[in-house]
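Read-outs: derived from the displayed coordinates by stated rules, not from any lab. These numbers come from a predicted model, not from an experiment. Don't worry about glycine lacking a Cβ; one is built from the backbone with ideal geometry, like all the others, and counts go over all protein chains shown.
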Amino acid sequence: MSLTTDDFLDIDDLSPAELDRVLDRAAALKDGSDETRLPDATLSMIFEKPSTRTRVSFETGMTDLGGHAMFLGPDDIQLGHGEPLRDTARVLGRYADAVMARLFDHEDVETLAEYADCPVVNGLTDEAHPCQTLADLLTIREYAGEDVHVAWVGDGNNVGQSFVVGAAMAGIDVTVATPAEYAMDEAVLDRAAALGGDPTVTTDPEAAVADADVVYTDVWISMGQEDEREAKLAAFDGFQVNEPLLAGTDAAVMHCLPAHRGEEITNDVLESERSLAWDQAENRLHAQKALLVELLA
Ligand code: CP
Ligand code: NVA
């Protein structure tokens, strides 16, 4: 049974039942009980921004599945030298079985999907990071099942926004603690609510973590926001995930990585027994393989 969506631009392009199915398949691919392969499938991967996990997990995943992935960095294709995105999309769509793209503007990944005649997967835009959410939900399932309370602490950014929507789809209770000026988009919270979620929103990180099973954070200065560094560092004072914040809780800690130790999280917390960050990183591989199988098989 294939997915009802051709593209994966954000987590709620899947239905809750499809999300469940992708996560089940990810677990089965991980434990070896699912041996589905995609022989001869080709994935084109466009990157406007750097990446370790997204690039390597997609490339490795395609090799594992018997297919092939090609890395197309900013200087590798004509897109970086003035060829319009829609032309790139139409051409790649005629070669590749799927295109994965890491872009700045979310509208650009929508344009890509509109013009490419093959599935398009969002590998991170300024608004969303749904592949990360798949890995996050798989990690939470492994760690705690789904009867769990997650506190998102820090920036209301791309990773957090997709996570809050995905958590609503998975029935996970979420509290979001951000500075008022870096809150999540109201439209994102509305999408989570429409999917049955009821995220609690606060500007108080201590209140947010008080009864959390998992505390999730991400960098304060995302790629492309380097000019905002000073203003953001000032605004996020008090939002660092550190042992004093976590004192009195036995919460696990999640981070999508890369981490900026000493900013949004301390080295000792990231390196502690609380940290699920390395499982999250591994689960990118299994979750994306499952997504590709569901999109392409
Ligand atoms: N979490 C994540 O997407 O990492 P990369 O930027 O290394 O791909
Ligand atoms: N919020 C970060 C995530 C990196 C994976 C960024 O956009 O840079």
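At a 10 Å Cβ-Cβ cut-off, how would you order Thr63, Thr111, Thr54, fewest neighbours first?
Thr63, Thr111, Thr54
Tell me the net charge near Glu243. Cut-off is 14 Å between Cβ atoms, Glu243 excluded, with +1 for each Lys or Arg and -1 for each Asp or Glu.
-3
Could I have the simple spin-label model distance between Thr200 and Met223, label points 7 Å from Cα toward Cβ, reported in nm to one decimal?
About 3.4 nm, to one decimal.
Based only on other Cβ atoms within 10 Å, what is the fewest-to-most ordering of Trp152, Trp220?
Ordered by Cβ neighbours within 10 Å, fewest first: Trp220, Trp152.
Using +1 on the beta carbon of Lys and Arg, -1 on that of Asp and Glu, and nothing else charged, what's the dipole of the stretch 57-129 about the Cα centre, debye to 20?
It works out to roughly 240 debye.
Which lysines have a Cα less than 20 Å from the Cα of Lys30, not counting those fewer than 8 places away in the same chain?
Within the straight-line limit of under 20 Å, Lys30 reaches these lysines: Lys289.
How many percent of the alpha carbon pairs in the chain exceed a separation of 27 Å?
Within the chain, distances greater than 27 Å cover 38 percent of Cα pairs.
Once phi is turned into ³J(HN,Hα) by the Karplus curve 6.51 cos²θ - 1.76 cosθ + 1.60 with θ = phi - 60°, what whole-Hz value does each residue of the stretch 133-141 show in order, with x for glycine and proline?
3J(HN,Hα) across the stretch 133-141, in whole Hz: 4, 4, 5, 5, 5, 5, 5, 5, 4.
Can you tell me the orientation of helix 106-115 relative to the chain, as the angle in degrees between its alpha-carbon axis and the longest Cα principal axis, to the nearest 10?
20 degrees
Assuming 0.36 nm per residue, please report the length gained on full extension of the stretch Phe71 to Ser272 beyond their Cα-Cα distance.
Full extension of this stretch gives 69.0 nm more.
Work out the length of the dipole vector of the chain about its Cα centre, built from +1 on the beta-carbon of each Lys and Arg and -1 on the beta-carbon of each Asp and Glu, and round it to the nearest 20 debye.
It works out to roughly 840 debye.
Quick one: which residues, 5+ away or cross-chain, put their amide H under 5 Å from the amide H of Thr42? H built at 1.01 Å from N.
Hits under the 5 Å cutoff: His68, Asp97, Ala98.
Helix 277-296: angle to the longest alpha-carbon principal axis of the chain, degrees 0 to 90, nearest 10?
Value to nearest ten degrees: 30.
Thr36's amide H: which non-local residues (gap 5+, or another chain) put their own amide H closer than 5 Å, with H modeled 1.01 Å from N in plane and none for Pro or chain starts?
Here nothing satisfies the definition.
Can you give the % of DSSP beta bridges in the chain that are antiparallel, to the nearest 5?
DSSP beta bridges in the chain are roughly 0 percent antiparallel.
Provide Val159, Val91 in ascending order of the number of other Cβ atoms located within 10 Å of each residue's Cβ, fewest first.
Val91, Val159
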